[in-house]
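Down below is the structure, laid out as structure tokens.
The values are calculated or read from the model by the stated rules, or taken from the named source; none is laboratory data. All of these numbers come straight from a predicted model, not from anything done at the bench. Don't worry about glycine lacking a Cβ; one is built from the backbone with ideal geometry, like all the others, and counts go over all protein chains shown. Side chains are part of the model used for accessible areas, which takes the heavy atoms of the whole protein and leaves out ligands, DNA and RNA. Shrake-Rupley method; radii C 1.70, N 1.55, O 1.52, S 1.80 Å.
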Amino acid sequence: MDKQELNNKLLEACTSKKIDLSQVEELLKAGAKPLGRVEDYGDNNLYDAVLHHFINLTYGGDTTDDSDFLKITELFIKYGMDISIPEVPYDGGDVINPLWSFAFYHTDTASQVLALLLDNGLDADSAGEYWCHDLTDLGFAEYKVNNKWQCEMAVEVFKRLMLIASYPHILDNDEDLKREIWYKENNYDVTRFRNWDNFEYSFEPTDGNRLNKSIVKIFEKDTKREVWKFGFEISSDTCTVTQERK
């Protein structure tokens, strides 16, 4: 079986109605590549195709259990998957980094997979593909702070932003991320945000009741203590100037 056929078989195994993880592992042992090119998916890579399968499965109403995606990712990492080294180089257009696609996927499993990738050395550029896309979409959505569902969606976005920021190998190599979360203006052990469910979020709008231009505050659930603050679509310099004028 040649390399292309192995990749096609791996994609089929990862997206079948009943996934056999032992079959997935055998194909990986045989040389199938998690970031290899697959037929009928343009020049994009296999992992992105698997990711979109689970996105469509979950939001299409076919299932609420997407836990197999975490197990598949664990196997892919075990057999050498490195998001920064795809078979076909990312070009930001036809060939996209799978982390860009994570912005469409907001389940607890997706957060666990993101943490798993970060634990295993996900690079700062790939992490940036995700959080930049997620924040951009959130800004376009024009959510309102008095809409419970919209606020819950926003909280999930910010939880993942802080999850990514909790890894020093990411934060040390991403000045844009530091500015986004007002890193220099806060004093708290950022690694604690890896336990994303230990925190609550609140929004203080500065423009009507829009989430855009709001101040995001983070509190420890157990102590109710405010531990972090930053502005969504507000730089720390702008916020300081505004406060001084008041």
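Amide H to amide H, which residues 5 or more places from residue 214 or on other chains are under 5 Å from it, using H placed in the peptide plane?
Sorted by chain and number, the residues that satisfy this are 206, 232.
Can you pull the Rg over Rh of the range 23-97, Cα-only, Kirkwood?
Numbers: Rg = 12.8 Å, Rh = 13.1 Å.
We get a ratio of 0.98 for the range 23-97.
Once amide H atoms are built 1.01 Å from N in the peptide plane, which residues 5 or more positions from residue 45, or in another chain, come under 5 Å H to H?
Sorted by chain and number, the residues that satisfy this are 96.
Using a 7 Å offset from the Cα along the Cα-to-Cβ direction at both residue 222 and residue 3, what is the distance between the two label points in nm, to one decimal?
5.0
When only C-alpha pairs under 8 Å and at least 6 residues apart count, what is the relative contact order of the range 1-57, in percent? Please report the intermediate quantities before stating the final value.
Numbers: 54 pairs, mean separation 19.9, N = 57.
Value for the range 1-57: 35 percent.
Give the residues of the range 199-226 whose amide nitrogen is closer than 18 Å to a point set 7 Å from the Cα of residue 142 in the direction of its Cβ.
In the range 199-226, the label zone of residue 142 (backbone N under 18 Å from the point 7 Å along Cα→Cβ) covers 205-214.
Apply the Karplus curve 6.51 cos²θ - 1.76 cosθ + 1.60, θ = phi - 60°, to the phi angles in the range 91-105 and return the couplings in whole Hz, x for Gly and Pro.
10, x, x, 6, 10, 10, 5, x, 5, 4, 6, 4, 5, 8, 10
Of 71/178; 159/213; 159/184, which sit over 29 Å apart, Cα to Cα? Intermediate results must be reported in sequence, preceding the final value.
Values: 71/178 31 Å; 159/213 18 Å; 159/184 19 Å.
Violating the 29 Å Cα-Cα cut-off are 71/178.
Roughly what percent of Cα-Cα pairs across the range 10-59 reach past 12 Å?
Everything past 12 Å amounts to 63 percent.
Tabulate in residue order the Karplus-calculated ³J(HN,Hα) for the range 179-195, using 6.51 cos²θ - 1.76 cosθ + 1.60 with θ = phi - 60°, rounded to whole Hz; enter x for Gly and Pro.
Residue by residue, the range 179-195 yields 5, 4, 9, 6, 4, 6, 8, 10, 9, 7, 5, 5, 5, 5, 6, 5, 8 Hz.
Loop only by DSSP, 13 or fewer other Cβ within 10 Å of the Cβ. Give me the GluC sites (Glu not before Pro) in the range 137-246 that pass, ordered by residue number. Can you show the working numbers first?
On the way: sites: 142, 152, 156, 175, 180, 185, 200, 220, 226, 233, 244; in loops: 142, 233.
Those satisfying the criteria are 142.
Quick one: work out the % antiparallel among DSSP beta bridges in the chain, nearest 5. Don't jump to the answer; show the numbers that get you there.
Working: 14 of 15 bridges.
Within the chain, antiparallel bridges account for around 95 percent of the total.
Leaving ligands, DNA and RNA out of it, rank 179, 192 by accessible area with a 1.4 Å probe, largest first. Don't skip to the answer; put the middle values down first.
Details: 179 145, 192 115 Å².
Accessible-area ranking of 179, 192, largest first: 179, 192.
Any chance you could get the radius of gyration and Dmax over the Cα atoms of the chain, in Å?
Rg then Dmax for the chain, in Å: 19.6, 70.
Using only alpha carbon pairs under 8 Å that are at least six residues apart, calculate the relative contact order of the range 81-147 and give it in whole percent.
Details: 31 pairs, mean separation 27.2, N = 67.
In percent, rounded to a whole number, it is 41.
Once you keep just the Cα pairs under 8 angstrom separated by 6 or more residues, what percentage relative contact order results for the chain?
On the way: 321 pairs, mean separation 30.1, N = 246.
Value for the chain: 12 percent.
Computed FRET efficiency, Cβ-Cβ of residue 186 and residue 79, R0 35 Å: what is it to the nearest 0.05? Please report the intermediate quantities before stating the final value.
Working: r = 39 Å, r/R0 = 1.10.
Here the calculated transfer efficiency is 0.35.
With runs of 4+ DSSP H residues as the only contributors, calculate the mean residue ellipticity of the chain at 222 nm using -39,500 (n - 2.57) per run, divided by the residue total and rounded to the nearest 500. It would help to have the intermediate numbers written out before the result.
On the way: 11 runs with 120 residues, N = 246.
Calculated mean residue ellipticity at 222 nm is -14500 deg cm²/dmol.
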